[in-house]
Amino acid sequence: MERTADTGAQPFYAESAERLGKVYESVSFESVHGPLIDLIPDAPARVLDVGAGTGRDATALARRGFRVDAVEPVAELRGVAARLHPDSGVTWRAGGLPALDGIHGPYDVVLLSAVWMHLLPEDRPVAMRRLASLLAPEGVLLITLRHGEPPADRRMFDIPPDEVARHAAEAGLSVLRTVNGEADHLGREAVHWSSVALGRNRS
């Protein structure tokens, strides 16, 4: 069940960008994505970070030698990212799901960290097809899913991994790995996470 303000999620992130910069940067890329890191190909693979926020993950990957495009719809978050991560080598773009206008693959890695939970039900299959179209033949799509009662101050859904797998199958992708029951790295007892890795179906 959704609990949401009618305006969706972006106004919350715009108003909270400065505070969220401190929150997001307090957690490392490795701690959040550790269960899936071994599925990421070697640098200098091409990476797309969708809903990149303040740039924590995009910058961590760029420092590892990856070629990173970061897409973020909220201008205030892009501004915080530019201040926190100058000269990161990340290419920043405005945009968001489901359209991702102006983004051209193929990408070896597509990352959605705490993003899928904001998509409306009718947008999810469209977004999955768009993400699949951006993947290289051997590419991987990594998605984290938040579980627990959604907050009331922005649009958010508790989406089960099975639904993600279903939309992935419809888009020609299959599940490479699912990791359930991950603790919240910000210490919220009522929140936990799943991670899903997807790849293109191969005959």
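The values are calculated or read from the model by the stated rules, or taken from the named source; none is laboratory data. Values in this document were obtained by computation on a predicted structure and should not be read as measured data. Here Cβ is always computed from backbone atoms with ideal geometry, including for glycine, and neighbour counts include all displayed protein chains. Heads up: the accessible areas ignore ligands, DNA and RNA and are worked out on the full protein's heavy atoms, side chains in. Shrake-Rupley method; radii C 1.70, N 1.55, O 1.52, S 1.80 Å.
For the chain, what is the percent of antiparallel DSSP beta bridges, rounded to the nearest 5? Don't jump to the answer; show the numbers that get you there.
Values: 16 of 34 bridges.
Here the share of antiparallel DSSP bridges comes out near 45 percent.
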Any chance you could check the Cα centroid distance between the range 11-35 and the range 112-134 for me, in angstrom?
20
Given [x] 23, 21, 17; [y] 68, 21, 13; [z] 25, 21, 18, which label gives semi-axes √(5λ) of the Cα gyration tensor in Å as computed from the coordinates?
[x]
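Provide the packing ranking of 180-192, 36-48, i.e. peptides ordered by the mean count of other C-beta atoms within 10 Å per residue, highest first.
Those peptides, ordered most packed to least, come out 36-48, 180-192.
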The range 117-128 - phi-based ³J(HN,Hα) in whole Hz, Karplus 6.51/-1.76/1.60, Gly and Pro as x:
5, 8, 7, 5, x, 6, 8, 5, x, 5, 5, 5
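Out of the total accessible area of the range 62-127 (probe 1.4 Å, heavy atoms of protein only), what percent is carbon and sulfur?
51
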Of the candidates 71, 115, 179, which one comes out as most mobile in a Gaussian network treatment of the chain with C-alpha springs shorter than 10 Å?
179
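Please get the size of the charge dipole for the chain, origin at its Cα centre, with Cβ charges of +1 on Lys and Arg and -1 on Asp and Glu, quoted in debye to the nearest 20. Please list the in-between numbers first.
Details: 22 positive and 28 negative charges, 86 e Å.
Rounded to the nearest 20 debye, it is 420 debye.
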Given charges at Cβ of Lys, Arg, Asp, Glu: the chain dipole, positive-most of 115, 71, 9
71
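Using the crude model of +1 on Lys and Arg Cβ and -1 on Asp and Glu Cβ, and no other charge, please compute the dipole size for the range 1-96 relative to its Cα centre, in debye to 20.
Working: 11 positive and 14 negative charges, 44 e Å.
Here the range 1-96 has a charge dipole of around 220 debye.
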Check residue 139: other-chain or 5+ apart residues with amide H under 5 Å from its amide H, H built from backbone geometry?
200
Along the range 155-166, Karplus-curve 3J(HN,Hα) (6.51, -1.76, 1.60; θ = phi - 60°) to the nearest Hz, with x for Gly and Pro, reads 6, 7, 10, 8, 9, x, x, 4, 5, 4, 4, 5
Taking the dipole about the Cα centre of the range 40-199, with the C-beta of Lys and Arg at +1 and of Asp and Glu at -1, give me whichever of 126, 187, 105 is farthest to the positive side.
105
Using the heavy atoms of the protein chains alone and a 1.4 angstrom probe, what is the accessible area of the chain per residue in square angstrom?
46
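Counting other C-beta atoms within 10 Å, and keeping those with at most 16, which DSSP coil GluC sites (Glu not before Pro) do you find in the range 1-110? Don't skip to the end; give the middle numbers.
Working: sites: 2, 15, 18, 25, 30, 76; in loops: 2.
Of the GluC sites (Glu not before Pro), the ones in loops of the range 1-110 whose Cβ has at most 16 other Cβ atoms within 10 Å are 2.
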Explain nothing, just compute: Karplus ³J(HN,Hα) = 6.51 cos²θ - 1.76 cosθ + 1.60, θ = phi - 60°, for every residue of the range 133-149 in order, whole Hz, x for Gly and Pro.
5, 8, 7, 5, x, 9, x, 10, 10, 10, 10, 9, 10, 8, 10, x, 4
